[in-house]
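Asker: One structure follows; several queries about it will come next.
The values are calculated or read from the model by the stated rules, or taken from the named source; none is laboratory data. Computed from a predicted structure; not experimentally measured. Methodologically, a virtual Cβ is constructed for each residue, glycine included, from the backbone with ideal geometry; neighbour enumeration extends over all protein chains shown.
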Amino acid sequence: MARSLRKNVGLDHLVLLVGDGQWQGYIIPIRDASLILKGYSSAMDVVVAQKIEMFFSDFPVRHYPQGQILINAHDNPEHIFHLLEGRVKQYDISYRGDEVVLNTYKPPAFFPMSYALNKKPNTYFFEAETDVTLHLVSVKAAAEFIQSNPDVAYDLLRRVFSGLDGLLGRLAHVMAGSARSRVLYELLIEGRRFGEKRGQGVAIAITESDIATRAGLARETVSRGISKLKQEGLISVIKNEIFVDDLDKLADTLGREL
C-alpha cells in the first residue's frame, strides 16, 4: 500500500512512502503530485516511471533526425532504446514494396523488448518518425533490469496488452471492415494516443499517406474516405492536420461500421 505524503523536500519535491510495514521512500517532483493524489495506482505509476527514468539516465543519450533508421529488419540490435522525445515507427515492407506500419512508440517507451527478453530475431524496421532523443542501453542490462524489478515488468506487461488491444482492433477492421471503417479506426487511435487537445476536440498531425500505411489502403482510397468524413462533419482538415470535433462521436460512428 502507499501512505500519504509525509513532508516537503525543498520547494519542488515531495516524499512518498510505499510499502506495508517496511516503508520505502521516494522523492517525487511536485509536478507529479496531482497523479499521486488520485490514489495508490497512480502513485505507483509515478514510482515506476521514476525508477525507469533513474535506470536509463545512467546510459548515453543520442539524438537522431526524422527518417533515421534505428534498427534494420533482420538485424539483431545491440541496444535497447528508451524514447525521451519524439516518435518511432515499427514497420515491415510488403512484397509490393509498400510500407506497413505496425506500431508507433511515444515516450517513455523502450524497445525492442521482444529481442531483449525472448532473443526472438528482429524482422522489423524501426525508424524515427520525428526528430527523436533516446537513451541507448545494452540488451543484457535492459533484460536484467526488467527481471529484477517486478513492478517495472508489470508496467511493461500492462502496456503490451494495451498495445495488443489496439492491434486486435486493427486486425478486426482489416478482416471484416470496410475501407471507411479502417480509416475511422486509424483516426480514432491516432487521436487518442497522439492528438493535441484543442477546445472540445483534438488535432491530429497525420497525412493521408500515413493513414494509408497504417490501414493497408491506397492513398487515393484514404483521400476519398477523408473527403466523405469531412462532408459528414466528423472531421475538418486544416493545413497538415486533421481536426476531430468529438472523438466519442467518431467512436460511435466506427462502432456501427463493423
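Asker: Which of the residues belonging to the stretch 66-76 are within 19 Å of the chain's Cα centre (by Cα) and assigned to a loop (DSSP other than H, G, I, E, B)?
Answerer: Residues satisfying the conditions are Gln66, Gly67, Gln68.
Asker: Can you tell me which residue among Arg96, Arg87 is without any contact (Cβ under 8 Å) to a residue 12 or more places away in the chain and out of contact with any His (no Cβ under 6 Å at 6 or more places or on another chain)?
Answerer: Among Arg96, Arg87, only Arg96 is without any contact (Cβ under 8 Å) to a residue 12 or more places away in the chain and out of contact with any His (no Cβ under 6 Å at 6 or more places or on another chain).
Asker: One residue is enough: does the stretch 142-150 have a residue meeting the conditions under 15 Å from Phe59 (Cα atoms), in contact with an Asp or Glu (Cβ under 9 Å, 6 or more places away or on another chain) and exposed (fewer than 15 other Cβ atoms within 10 Å of the Cβ)?
Answerer: Checking the stretch 142-150: not a single residue is under 15 Å from Phe59 (Cα atoms), in contact with an Asp or Glu (Cβ under 9 Å, 6 or more places away or on another chain) and exposed (fewer than 15 other Cβ atoms within 10 Å of the Cβ).
Asker: Right, next: With the condition kept exactly as written, say whether any residue in the stretch 164-180 is among the small types (Gly, Ala, Ser), closer than 24 Å to Ala109 by Cβ and not in a helix (DSSP H, G or I).
Answerer: No, the stretch 164-180 has no match at all.
Asker: Right, another one. Exactly one condition in (1) touching a helix residue (DSSP H, G or I) at 6+ places or on another chain (Cβ under 6 Å); (2) at pLDDT 90 or above; (3) not aliphatic (A, V, I, L, M) is false for Lys120; which is it?
Answerer: Unmet condition: (2).
Asker: Name the residues in the stretch 89-102 that are modelled with pLDDT under 90 and surrounded by 13 or more Cβ atoms within 10 Å (Cβ to Cβ), would you?
Answerer: Asp98, Glu99, Val100, Val101, Leu102
Asker: Val222: hydrophobic (A, V, I, L, M, F, W, C), in contact (Cβ under 8 Å) with a residue 24 or more places away in the chain and under 22 Å from Ile52 (Cα atoms), yes or no?
Answerer: Considered against the rule, which asks whether it is hydrophobic (A, V, I, L, M, F, W, C), in contact (Cβ under 8 Å) with a residue 24 or more places away in the chain and under 22 Å from Ile52 (Cα atoms), Val222 comes out as no.
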